[in-house]
C-alpha cells in the first residue's frame, strides 16, 4: 500500500457483526492497512459523514475514500443514507459502493437511481467474498482518482 | 216520409185511390233510400270506430287500455248490452278462460274474471275459430247449442251472442264477444263483418303485445346478465386485489429470504475458511476435511437459495410479450457453455430463425436450464450431441420447440417427478444440481400459456418439448 492510500479511511456501514469481522479480516489479509471505521446503522453512518452526534468533533473535510454501504440497516436504511449523501453538496461526489446480500432488481434499481458508484452482491462463498473485498480495496483506494475536495 | 208531407200531397191529389197508389210508389222509392242513408251512417260510424281502434294501436298503449276503449266503442255503436274480450288460459286447450276486458250495461252483471270452463268447446270449436269461424246466435235457446254452452251463456244473462276469434298470429288467443241480454237479436252481416274487422285489428295489438313482452323479457334477461357480469367483475377485482396483496407479501418474504438467509451462511462459510487459514496447524486432516465439508454444504445452500429466488421471481415477475429470437438465445447459451468447458466435444445443432412471442428474460431462463441440463447429462460422453429446434408444424397446434441430447437419459416411469422442485433422478455425486431448474422451466412455460413435456430412456438421451401458446388461442 502506498503512503497516499494508507491514511485514507474506509467507512464500512454494516450491522451484522459477522459480516463486519469477515470484511475486516478480508481487508487485513490482503494487506489493505487503511483505517476502517465501522458504522452499525444508518444513523451512525450519517453522524460520521456529517460530523454530528458521536462524531461532532470530526473534521468534515476528511472524507473517507470509499463508503461500503449495506442496504438493510437498523434505524435509517442504506438507501436513505445514500439519498442524503447525494443530496448534500459536501458529500455528493463521495464514492459509495453498495455491498449487500440482496440481488433484488428493486434494490439495484433504487441504488443506481440514487447514484451509487458500484453495487456488489456479497457472495456466500467466503473466498469469493474475500476476493471481492480485495478488489474493492485495490480499486477505490489505489486506482480510483477521488473527487476534488 | 213525414205525415205533414203526405197531407200536402193529399191536397194536390183528390182521387184517394190514385193517392194511395202514389203513396205506395213513393214509399217503395223512398224506403230503400232511407235504408241506404241509415246504412251509410252506420258505415261512417263503423269507419270512425275502426279508425279509433287503429289509432290506438299506433300509440304505445297497453293491451288493457286498447281493449277497454274498443269494448266501449263497439257497445255504443252496436247498441249491445255487453262487449267483452275473452281470453283462453295458455295450455288449457281452449277449455278454460276468463273475460279480461268488458263494457257492460249497468243492468247486467259483469263477466270479468269469472273463470269459465266449457269442456266441449276445446274439442269441437277451437279448431274452427282458429280458422276464422264466427258464431252468430240470435237466440241461444233456439240455435241447437250444447247444454254446457247454453249454461255458460245464461250465467251472464246472454240471449243473443256474437263471438269472433281473436287471433295472435295463427294462435287462437281468445274471443271478442258481443252479448245481447235484454232481447234476442238477429246479427246483420254488416255487423258481423264490422266486428270481424275490429277483431283482426285487435289481433295486431295482441301480436304487438307479445313482441313487447318478449322484448321486455329479453331486456330483463340482459339486465340480469349485466348484473351477473358486474358481480363477477367485482369478484374478479377483489381477487386481483387479494392476489396483489399476496404477491406483495411474497415479495417481502423472498426479500427476507434473499437477505437474511444468506447472511448466516456467509458467516458459517467465512469463519470455516478463517479456521482453515488460521488454525491449519492445530487441526488434523480429519478436522480440515470437516471444515471443507461445512464450506461445501454452505455453498450448496447458497446456490439453493439463489435458485429458489429465481423460481419465485419467475412466478411473480411482470411478463412482457414481444417477439423473441429463441435461436439466438440458444446459440448464446451454448457458446457460454462451450467457453466454460472448452475441453468438451459437443456437436451443437441449433435451428436458425425460430422466433416466438414471449418474455425474453424468462425464455432465456428456460433455454439456459434446458441446455445446461443437456450439457450436464451428456458430460460422460466423449462425443455428445445437443439440438435445439422446432417440430414440423401441425394445423391448429401451437409451434412445438425441443431441446434434445444423447446423454444418460432417464426412466420414463419418473417423468411426472421431473418438474417438481427438489426432485432429482440422479444422485448429486453423479450429476450436480438441486432439482429446481425444470420446476422453473415449467412455471415459465405455464405462465406463457404453454405446455412442457419430455421423452427419454436410460442411456439414450432425453428430449424436452415446450410450447408457448395455448391450443385454444390457436383455434
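Measuring from label point to label point, each 7 Å out along Cα→Cβ, what is the residue B:200 to residue B:390 span in nm?
Label at residue B:200, label at residue B:390, 7.0 nm between them.
Compute the acute angle (0 to 90°) between the alpha-carbon long axis of helix B:16-58 and the principal axis of greatest extent of the alpha-carbon atoms of chain B; round to the nearest 10°.
10
Using the count of nearby Cβ atoms within 10 Å as a rough guide to exposure, how do B:201, B:141 rank from fewest to most?
Lowest to highest Cβ neighbour count: B:141, B:201.
Over the stretch B:61-187, calculate the relative contact order: mean separation of alpha carbon pairs under 8 Å at least 6 apart, over the residue count, as a percent.
After rounding, I find 26 percent.
Which Rg and Dmax, in Å, describe the Cα atoms of the stretch B:219-316?
Final numbers for Rg and Dmax: 25.8, 92 Å.
Using a 7 Å offset from the Cα along the Cα-to-Cβ direction at both residue B:237 and residue B:107, what is the distance between the two label points in nm, to one decimal?
Each label point lies 7 Å from its Cα, and together they span 7.0 nm.
Quantify how much of the Cα-Cα distance distribution of chain B extends past 44 Å, in percent.
56
Using the count of nearby Cβ atoms within 10 Å as a rough guide to exposure, how do A:109, B:176 rank from fewest to most?
Ascending Cβ contact count within 10 Å gives the list A:109, B:176.
Once the convex hull of the C-alpha atoms of chain A is built, how many Å³ does it hold per residue, rounded to a whole number?
Taking the convex hull of the Cα positions in chain A, it is 103 Å³ per residue.
Kirkwood hydrodynamic radius of the protein assembly as shown from all distinct Cα pairs, in Å?
Taking every pair of different Cα atoms in the protein assembly as shown, averaging 1/r and inverting gives 35.4 Å.
Taking every residue in A:126-135, how many Cβ atoms of other protein chains lie within 10 Å of its Cβ, on average?
3
Mind checking A:14-21 for the average number of partner chain beta-carbons within 10 Å of each residue's beta-carbon?
3
How much length, in nm to one decimal, is gained on full extension between residue B:320 and residue B:151, taken as 0.36 nm per residue of separation minus their Cα-Cα distance?
Using 0.36 nm per residue and subtracting the Cα-Cα distance, I get 52.6 nm.
Say each of residue B:459 and residue A:35 gets a label point 7 Å from the Cα, pointing the same way as Cα to Cβ; how far apart are those two points in nm?
7.1
With a 10 Å Cβ neighbour count serving as the proxy for reagent exposure, in which order, fewest first, do B:467, A:101, B:400, B:190 appear?
Ordered by Cβ neighbours within 10 Å, fewest first: B:190, B:400, B:467, A:101.
Can you tell me how the stretch B:262-378 classifies by the Cα gyration tensor, rounded, prolate or oblate, using a/c under 1.5 as the rounded cut?
oblate
Let me know the mean shielding of B:265-278 by other chains, meaning the per-residue number of their Cβ atoms within 10 Å of its Cβ.
5
Take the Cα pairs of the stretch B:1-59, get the Kirkwood Rh, then feed it into Stokes-Einstein at 4 °C and 1.567 mPa s and tell me D in µm²/s.
Rounded, D is 90 µm²/s.
Once the piece of chain linking residue B:296 and residue B:40 is laid out straight, how much longer is it, given 0.36 nm per residue of separation minus the C-alpha distance between them?
80.3 nm
Quick one: angle between helix B:285-316 and the longest Cα principal axis of chain B, in degrees between 0 and 90, rounded to 10, please.
The answer is roughly 20 degrees.
The numbers here are math on the coordinates, done by the rules we state, and not lab data. What you see is a predicted model, and the numbers here were worked out from it, not measured in a lab. Please note: Cβ atoms are built from the backbone with ideal geometry, for glycine as well, and neighbour counts cover all protein chains shown.
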